[in-house]
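The block underneath contains the structure these notes are about, expressed in structure tokens.
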Amino acid sequence: MSVAIQSSWRIGPVEIPTRIVLAPMAGVSVQAFRRQGRRFGAGLVCSEMVSCAGLSHRNERTLGYLRIARDESPLAVQIFGSEPGVMAEAARMVEDAGADIVDINFGCPVRKVTKTGAGATLLEDPGRAGEIVGAVAQAVSVPVTVKMRRGLADGSRDALDVGPRLVEAGASALTLHPRSAKQMYTGVADHSLTAELVERVDVPVVASGDVTSRARAQQLLDETGCAAVMVGRAAQGNPWAVGEIAGAASAEPSREEIVAELVLFMRATVAELGEQRATGFLKKFYGWYLGRGRFPKPFKQELVQLGTLAEVEERLFAAAPAAVLVLDRLEGDLPADEDVVLDLPISIYGGG
Ligand SMILES: Cc1cc2nc3c(=O)[nH]c(=O)nc-3n(C[C@H](O)[C@H](O)[C@H](O)COP(=O)(O)O)c2cc1C
């Protein structure tokens, strides 16, 4: 029987209202991105990977990743590292900050991370990987999950052997991005491995990689037996992709909707990161929002050149004046800020 995208499922006691998970993406998955993803139909959202060493050292910028809002829930915060004790300490901080799930990164292929023995390299050290999961699961009462690649080398099937061991060690769900670390983002995700992993474990498996449409999402649910699909790059500057997969929005927004969502995202990002950091952070989003043939190329280049975000807003509204009305409606529907921010004041975040 076919699983409906709009149906709930569970990771341990955490109920997740839809089968869509918004992917953790470093440099992308800020709170504004996660809240937008929830609004468009993601059932679960994830923080980008957070360094357990940074948390352990109380690094201000790292602590800022623990800024969590009530309306993001259910939310997974992802940590990476290689020392079980430090990971356990980081997991406790994540739980205290209000995350519903602690996710562990065994997938990052980037050398800066793998050379420290963290990320995807742990797929070749199943003993240590199991120790990390065990230590983290012991340390917190929320569910612990793991996100993996298929292995380090092309054609590797390591995730299929490591996965069941991680479940034994205490993982309540697994996400598989079935590309090798070496592949980075080239080639295609081989979801026949996802189906094999589903056969080998008795916890929910989330399929990550190349989910770009509702048709593909449903096909993966049907053919692999995965509990949910994860959407990453397709959602960059494109919440309508999440909406289309959820069955709730057209994949083709109007110019007014695009400008309104972008401005809302800009304002939320400024509130989160401070104006200075947000100005640089946002530049890549202009291309993502305005590309895909939606606005002429020179327009994006023009925005990137502008010195202040106020000028960017002005230029955007000049290109689509009725976006002001759409933005008013969107802002009116948002929960009040004092209702949503838990624990950490913005000043901690802006200080890094
Ligand atoms: C810019 C970028 C940053 C990413 N950062 C993370 C991360 O912090 N943690 C993680 O587990 N995966 C990360 N990923 C991998 C994604 O979560 C996802 O597994 C991958 O992009 C495949 O899915 P997609 O085809 O839907 O993009 C990142 C991917 C991208 C493109």
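Side notes on the structure shown:
- The tail of the calculated P(r) for segment 32-124, taken as Cα-Cα distances beyond 15 Å, holds 58 percent of the pairs.
- Average 1/r across all pairs of distinct alpha carbons in the chain, invert it, and you get the Kirkwood radius: 20.5 Å.
- Sites matching trypsin sites (Lys or Arg not before Pro) across segment 102-135 that sit in DSSP coil, with at most 16 neighbouring C-beta atoms within 10 Å: K115
- Relative exposure of I20, I5, judged by other C-beta atoms within 10 Å (fewest first): I5, I20
- Residues considered: L22, L306, L262. Largest GNM mean-square fluctuation over the chain, using C-alpha springs under 10 Å, is found at L306.
- Relative contact order for the chain: 17 percent, from Cα pairs under 8 Å spaced at least 6 residues apart, divided by residue count.
- Straight Cα distances below 17 angstrom link K115 to the lysines K182, with same-chain residues fewer than 8 positions distant left out.
- Principal-axis tilt of helix 84-97 within the chain, Cα atoms, nearest 10 degrees: 40
- Residues V94, V142, ranked from the fewest to the most other C-beta atoms within 10 Å, line up as V142, V94.
- Separation of alpha-carbon centers, segment 163-221 and segment 296-327, rounded to whole Å: 38
- Gyration tensor (alpha-carbon) shape descriptor, segment 280-340, a/c threshold 1.5: prolate
- Exposure proxy ranking, count of Cβ atoms within 10 Å, fewest first, for R67, R294: R294, R67
- Value at 222 nm in deg cm²/dmol, rounded to 500, when DSSP H runs of n ≥ 4 in the chain each add -39,500 (n - 2.57): -13500 deg cm²/dmol
- For K284, a cut-off of 19 angstrom between C-alpha atoms picks up these lysines, skipping any fewer than 8 places away in its own chain: K297, K300.
- Principal-axis analysis of the Cα atoms of the chain puts helix 158-169 at an angle of about 80° to the longest axis.
- Compared with the dominant principal axis of the Cα atoms in the chain, helix 275-290 is inclined by about 90°.
Each reported figure results from applying straightforward, stated rules to the coordinates on display, with no laboratory input. Everything quoted here is computed from the prediction, not taken from an experiment. Glycine also receives a Cβ, built like all others from the backbone with ideal geometry; neighbour counts cover every protein chain displayed.
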